[in-house]
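Every number here is computed from the coordinates shown, using simple stated rules; none is lab data. Everything numeric in this text was worked out from a predicted model, so none of it was measured. For neighbour counting, all protein chains shown are included, and Cβ atoms are generated from backbone atoms with ideal geometry for every residue, glycine included.
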Amino acid sequence: MTNNNLSLSISLIIGFLALHVGFVFAAIAPLSPKALKETANHIVTGEVLEVTSMIRKSKTGFLHLDRVFQIKVKVTGIRKGSGIKLTEKIIIRAWKPSVRIPPYPGLQGHDRIPKKGDKITAYLYDKKDNAYSAVMPNGFDIGNK
């Protein structure tokens, strides 16, 4: 391979990676209160009983790892949706990046993760495997009832 072909190949690879990182993995802007309400299938208030997490290989591939959270919440109010009952204990999934190689700028995953004892409003969708997913990136309003 000649120097020109090698330089062109390297430039194409770097360009592809730059586009891939810039467009596919760009940070998600926080949703407005109106967009949160429209996106969520369920909106509940509650108290966080427990937060557990684990590191797993990211679905985005490469050498990326994600911290996946399971948040157990006792429901104290229902603002939208059906199928969830008052005082029911539900599990909510959320995630944050743990390792990104190469690192990506900006936020990925959920903006804030509640802690045990927090009073929250959670904007939820997609019940799967007995757990709900929080709307990304700002599906938790912490400290509000």
Report task. Starting with the highest mean, order 121-127, 85-91, 46-52 by the number of other Cβ atoms within 10 Å, averaged over the residues of each peptide. Result -> 121-127, 46-52, 85-91
Query raised in the report: If you stretched the chain out fully between K59 and K37, how much longer would it get, using 0.36 nm times the residue separation minus the C-alpha to C-alpha distance?
Result: 5.2 nm
Report summary line: One quarter of the C-alpha convex hull surface, i.e. the mean projected area of region 62-105 in nm², amounts to 4.7 nm²
Report task. At a Cα cut-off below 14 Å, give the aspartates and glutamates reachable from K57, other chains included and same-chain residues fewer than 8 away excluded. Result -> D66
Report summary line: Among T60, S32, V75, the residue whose Cα sits farthest towards the positive end of the charge dipole of region 31-105 (+1 at Cβ of Lys and Arg, -1 at Cβ of Asp and Glu, taken about the Cα centre) is T60
